[in-house]
Amino acid sequence: MSSRYLFKRMALAIASTCISTPVLAASACVPAANPADVAPAVGDWYATLAGVERALACAPTDRHLLRERVLALSAIGSNDTAWRWANASHDLVDPQTFDQLTSKRLARLIGWSEVGRDEAARLAAAQDALQASNAYLAQVIGKDSTAVMRTRLDRLLLLNRLGQHQQLADEQALLQREGIAVPPYLIGAVSDSLMALRRPAEAAALLAPQLDGSVERATLQVRHAFAELEMEHSPAALIELRDYAAQQPPQRWDRQHRARQRNWARYDADLARIQITAYAGDAAAAQAELEAMLKIAPANGALHSALGQTYLMRGWPRRALDRFHIAAMYEPEDLRAQIGEVEALMALRRDDLAAPLHARLLAAYPGASRVWQLDRAWRRHRGWQWAVTAGGGRSDGASATTAPLGSRDAEYAFSLLSPLMGEHWRLRTGYLGRHADLRDERVSRRDGYLGLQYTHGAFDASLDGRPAQASWPRDSGLDLRLGWQAGDRWSLSGAFHRNATDASLQALQAGITADRYDAAVRYQPDELHGARFAISRLAYTDGNRRDSLLGRYEQQLAHADRWWLDGDGTVYASRASQADAPYFNPARDGSLELGLRVSQRPWREYDRYFLHRLSLSAGRYWQDGYGTAWVPSARYEHEWRFAPGRLLRYGLSWAQPVYDGARERRLGLDAGFYWEE
């Protein structure tokens with residue numbers, strides 16, 4: 001809405017306020033010779049209105065003058081004042097004219113509801129306008145007139161702004177059954193509500209006939225591209241926006257200001273194309289383009305907000321938060337920046353700072369679909385979280401009965417986290433079970449635990465206690481974990497496990513348990529690359545100390561619309577302080593492994609998707625005294641996401657490990673279900 005248009009509306013409002021007082025000073029009483037002579041000469045309604053007011057000062061009850069006043073007020077745009085005068089006097093105007101006045105007045109109320117200093121005031125005005133529209137339509141049920149139809153159509157704008165998207169879709173469907181097409185000025189609002197209802201195909205079909213490549217249709221062009229994105233047609237959306245921007249010159253002649261101005265249609269198309277590029281999986285390219293644009297327009301809040309969202313996609317919440325703060329400085333009402341700030345604080349585990357911002361958004365924008373999505377993510381982030389996993393395998397080979405996993409093995413686990421308490425605390429509980437068939441004997445271990453978890457910003461910690469079990473050689477267990485996020489790229493972690501649950505079942509069979517000490521550092525420069533280095537010590541109760549070192553690097557190698565290829569490399573080495581032990585315990589060993597993972601997502605619909613993945617790896621394993629051998633492995637898995645926070649994963653694996661120079665063949669099957677509420 002241009003500043004000139006707003007100024008004109010304000011001027012009309014002031015004028016309507018000034019002329020709404022019917023009684024003039026006595027000196028202004030100049031009665032017309034004939035009331036019928038007071039008519040709009042040469043279309044000058046302001047002069048007509050002045051004459052009517054002078055005549056009404058002498059004849060305040062003259063119905064002809066009162067009617068002419070109403071018509072003059074309506075002609076100059078003072079629709080609310082005209083309607084109030086007409087409504088105050090019974091049968092002052094004919095029913096058709098009154099319907100027209102009512103429709104114009106409601107249209108003006110709808111227009112004014114878009115003007116205000118804050119969103120709360122605008123929404124309150126929109127709610128008042130909707131109540132007035134509903135009251136009028138309830139009075140004229142069954143009446144078929146142009147004015148009534150205009151009110152029905154204008155009401156769709158209010159339903160969209162107030163987030164009553166299903167009501168809008170129902171009303172639009174009713175209008176279609178009546179043979180009423182959606183007029184051009186409503187296409188944007190109706191398509192926006194259809195998108196909020198996750199009906200992008202209907203939105204795209206509604207928008208497509210309006211796309212003529214003109215500057216005036218830039219917003220509709222962008223909406224259509226996002227509808228294509230949400231139908232998983234991102235390549236088509238990118239081509240569409242690229243072609244549209246190519247048709248638009250950087251500048252265009254503005255006849256209103258008689259000067260060349262920036263062509264904002266081209267800017268809107270370019271910005272939408274960059275955002276879709278990020279959503280389609282190429283956040284690095286989107287980041288580069290946005291940073292280049294900000295060098296040209298450093299005070300553009302929308303660009304800062306888009307760059308902040310891109311930083312979030314790349315795993316940099318601290319950098320993203322800085323960008324959202326800058327965006328809010330330039331555009332305090334930018335909803336995307338406000339939502340992004342809450343999302344960044346959630347990623348940074350600063351719920352104490354995010355909570356008031358989240359509450360303010362819910363209060364100020366109760367009908368915005370983006371705020372609904374944020375609220376659902378917020379409740380999942382703070383609510384119940386639980387997981388169930390199970391897996392097992394079968395090994396065949398010369399040493400299947402003496403290998404660490406035996407001839408058959410299985411494990412299963414359940415974990416539960418309570419909702420956040422006091423912004424930082426959660427209760428933890430769970431159960432773990434393992435067994436393996438070793439030397440014709442089934443060795444089992446079962447552990448239940450109860451503990452507490454704390455997270456605040458960069459720091460997190462958890463402490464779990466495990467009660468003693470009758471089958472254990474030792475009494476209770478304890479798990480302590482500490483973590484520190486040293487920026488967007490580096491994180492550190494450490495842990496101590498007394499009577500570790502993952503210690504060798506072969507050792508447990510011999511009455512030996514172990515404590516574990518872990519320390520790790522992770523470097524994640526972006527979403528495409530990551531490295532992890534870890535050291536570990538198992539301190540067995542027989543005096544043996546087993547130290548290990550692990551290094552792993554992961555990188556995305558290729559990416560397309562629905563598939564991507566990842567590669568990884570792993571280096572491992574370990575040594576034992578004692579050679580003799582009744583469990584697999586190489587004096588020294590090491591391995592070098594390279595792997596590839598091909599993932600494809602054949603189907604996705606918003607938060608739901610199906611993904612399958614094939615992982616292949618090959619490496620060289622060396623064990624002191626037994627030489628080296630190739631150790632290949634493969635895994636195929638499915639991943640189903642039924643809804644946000646509802647994930648099912650299962651897979652089948654094959655491997656040929658080597659223990660003490662003897663090769664095993666192992667087939668495994670595992671599954672896991674993860675839930676956030």
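The values are calculated or read from the model by the stated rules, or taken from the named source; none is laboratory data. For clarity, every value in this text was computed on a predicted model and none was experimentally measured. Methodologically, a virtual Cβ is constructed for each residue, glycine included, from the backbone with ideal geometry; neighbour enumeration extends over all protein chains shown. The protein model used for the area step is the full one, side chains on, heavy atoms only, and it has no ligands, DNA or RNA in it. Shrake-Rupley method; radii C 1.70, N 1.55, O 1.52, S 1.80 Å.
Here the label points at A173 and K295, each 7 Å from Cα along the C-beta direction, are separated by 5.2 nm in the simple model. Residues of region 611-639 with backbone nitrogen within less than 19 Å of a virtual label 7 Å along the Cα-to-Cβ line of D580, please, listed as ranges. Under 19 Å, as judged by backbone N against the label point of D580, lie 625 of region 611-639. Karplus-derived 3J(HN,Hα) values for region 133-148, using 6.51 cos²θ - 1.76 cosθ + 1.60 with θ = phi - 60°, are 5, 4, 5, 5, 5, 5, 7, 10, 4, x, 7, 10, 9, 4, 5, 5 Hz; glycine and proline are entered as x. Within the accessible surface of the chain, defined with a 1.4 Å probe on protein heavy atoms only, the carbon and sulfur portion equals 57 percent.
For the chain, what does -39500 (n - 2.57) per DSSP helix run (n ≥ 4), summed and divided by total residues, give at 222 nm, in deg cm²/dmol to the nearest 500? Walk me through the numbers on the way to the answer.
Details: 20 runs with 273 residues, N = 677.
The helix contribution divided over the chain gives -13000 deg cm²/dmol.
The simple Förster model, with R0 at 22 Å and r as the Cβ-Cβ distance, assigns D375 and A120 a FRET efficiency of 0.80.
Solvent-accessible surface of region 284-424, averaged per residue with a 1.4 angstrom probe and all protein chains in place: 44 square angstrom. From the square roots a ≥ b ≥ c of the eigenvalues of the alpha-carbon gyration tensor of region 46-86, which class results: rounded (a/c under 1.5), prolate (a/b over b/c), or oblate? Oblate, since a/c reaches 1.5 and b/c is not below a/b. For the chain, the normalised intensity computed at q = 0.09, 0.10, 0.11 Å⁻¹ comes to -0.93, -1.08, -1.22 (log10 of I(q)/I(0), Debye sum over alpha carbons, equal scatterers, no solvent).
Assuming charge only on the beta carbon of Lys and Arg (+1) and of Asp and Glu (-1), the dipole of the chain about its Cα centre is about 400 debye to the nearest 20. For the Cα trace of region 524-656, dividing Rg by the Kirkwood Rh returns an Rg/Rh value of 1.08.
Classified by the C-alpha gyration tensor, region 59-185 has an oblate form. Its axis ratio a/c, with a ≥ b ≥ c, is 1.5 or above, and a/b does not exceed b/c. A cut-off under 12 angstrom between Cβ atoms defines the neighbours of E527, and their net charge, with Lys, Arg +1 and Asp, Glu -1, is -3.
Find the accessible area per residue for region 165-204; the probe is 1.4 Å, ligands and nucleic acids are left out, and the unit is Å².
Working: 1790 Å² over 40 residues.
Per-residue accessible area for region 165-204 comes out at 45 Å².
Rounded, prolate or oblate, given the Cα gyration tensor of region 146-290, with a/c below 1.5 counting as rounded?
Numbers: a/c = 2.43, a/b = 1.40, b/c = 1.74.
Oblate.
Per residue, the accessible area of region 516-584 comes to 52 Å² when a 1.4 Å probe rolls over the protein heavy atoms. Of R442, R601, R69, the order by accessible heavy-atom surface (1.4 Å probe, DNA, RNA and ligands excluded), from most exposed downward, is R442, R601, R69. Could you tell me how many degrees, from 0 to 90 and to the nearest 10, lie between the Cα long axis of helix 3-19 and the main elongation axis, the longest principal axis, of the Cα atoms of the chain? Approximately 50 degrees, to the nearest 10.
Once C-alpha pairs closer than 8 Å and six or more residues apart are averaged by separation and normalised to the residue number of region 262-350, the relative contact order reads 23 percent.
Taking a sphere under 12 Å around the Cβ of L156 and counting the other residues whose Cβ falls inside, with K and R at +1 and D and E at -1, yields a net charge of 0.
With the whole protein complex present, D268 retains an accessible surface near 60 Å², based on a 1.4 Å probe.
If I296, I110 are ordered by their accessible area, calculated over protein heavy atoms with a 1.4 Å probe, which sequence runs from highest to lowest? Could you put the intermediate results ahead of the total?
Numbers: I296 150, I110 10 Å².
Output order, biggest surface exposure first: I296, I110.
The order of E605, E639 by accessible area, most exposed first and with a 1.4 Å probe, is E605, E639. Measuring with a 1.4 angstrom probe and ignoring ligands and nucleic acids, M293 comes out at about 40 Å² accessible. Stretching the chain fully between R604 and M421 yields a gain of 62.4 nm (0.36 nm per residue, less the alpha carbon separation).
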